[in-house]
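The values are calculated or read from the model by the stated rules, or taken from the named source; none is laboratory data. Because the structure is predicted, anything quoted here is derived from the model rather than measured. Quick reminder, even Gly has a Cβ in these numbers, built from the backbone with ideal geometry, and neighbours come from all protein chains shown. The accessibility values were calculated without ligands, DNA or RNA, using every heavy atom of the protein model including side chains. Shrake-Rupley method; radii C 1.70, N 1.55, O 1.52, S 1.80 Å.
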Amino acid sequence: MPPQARSPLKHDHEADSTRLMLNAIEADDRVTQRGLAAELGIALGLTNIYLKRCISKGFVKVRKAPARRYVYYLTAKGFSEKARLTAKFMARSLSFFRHAREDCSDLFLAGKSKGYQRVAFVGAGDLCEIAILAALDNGLEVTVIFDESTNRQGLAGTPVVHSLTALAEVDAVVITDIKDPQAQYDRMVARFGPERVLFPSVLRLSPRKPAAAARGLGVKSP
């Protein structure tokens, strides 16, 4: 039986975690594994796995320090790998920006054809900023951004709200959350109905019953 294909998303996540780890070690050679876990936003056990992998590949060396501490530092190979991963990350980010903006523009054009003028976004992150630019290009008004997980009060000149009641007076809501877009999509469909919940195809969401009714109503599905 042939080996199972490796998920590109998993590979990108591992590459980004390695890049962030190498950056953190370069910035502070006395950083602890707990500090690395906080920097990467992952569990301590997973941090240990990534760190051991970097050491085994010759990217990082470790030596003991007083008070039961360890000092980590990048090797020449580690510096080269960090530069390679950074260049790859930048190229992927630019590609994502271009594709996401095209997806959002297509989505908003379809929405305008159905009479949508006022929209709210769900999720205040990188995709949201891209979507705001596309909405302005297409003459849509972004009233608010709903995000319960952030303390920020605004993004790109648009207020960020933390209550669903603020989304009442809009023609449609657009999923721009990249942390858990499927859960947000299902949640919004349950509240507003599938015809009023849109998402760019870059999110690769799967409309499910009753969300399946969203197909063909200006919502792009994978």
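Given a 1.4 Å probe, how much area per residue of the chain is accessible, in Å²? Let's see the in-between values first.
Working: 12330 Å² over 222 residues.
Value returned for the chain: 56 Å² of accessible area per residue.
Which FRET efficiency value, to the nearest 0.05, is calculated for E14 and A190 with the Förster distance at 25 angstrom and r the Cβ-Cβ distance? Don't skip to the answer; put the middle values down first.
Numbers: r = 34 Å, r/R0 = 1.36.
Once rounded, the FRET efficiency stands at 0.15.
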R0 of 41 Å, Cβ-Cβ distance S206-S80: FRET efficiency to nearest 0.05: 0.55
Pull up the DSSP beta bridges for the chain and report the antiparallel fraction as a percent, rounded to 5. 40
Excluding same-chain pairs closer than 8 in sequence, count the lysine pairs in the chain whose Cα atoms lie under 23 Å apart. 24
Residue separation between L44 and I178 times 0.36 nm, minus their alpha-carbon distance, gives in nm 45.9 nm
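Taking all pairs of distinct Cα atoms, average 1/r, flip it, and tell me the Kirkwood hydrodynamic radius of the chain in Å to one decimal place. Kindly include the intermediate steps, with their values, before the conclusion.
Working: mean 1/r = 0.0505 Å⁻¹.
Value: 19.8 Å, from the Cα pair sum.
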What order do you get for 150-161, 121-132 when each peptide is scored by the mean count of other beta carbon atoms within 10 Å, highest first? 121-132, 150-161
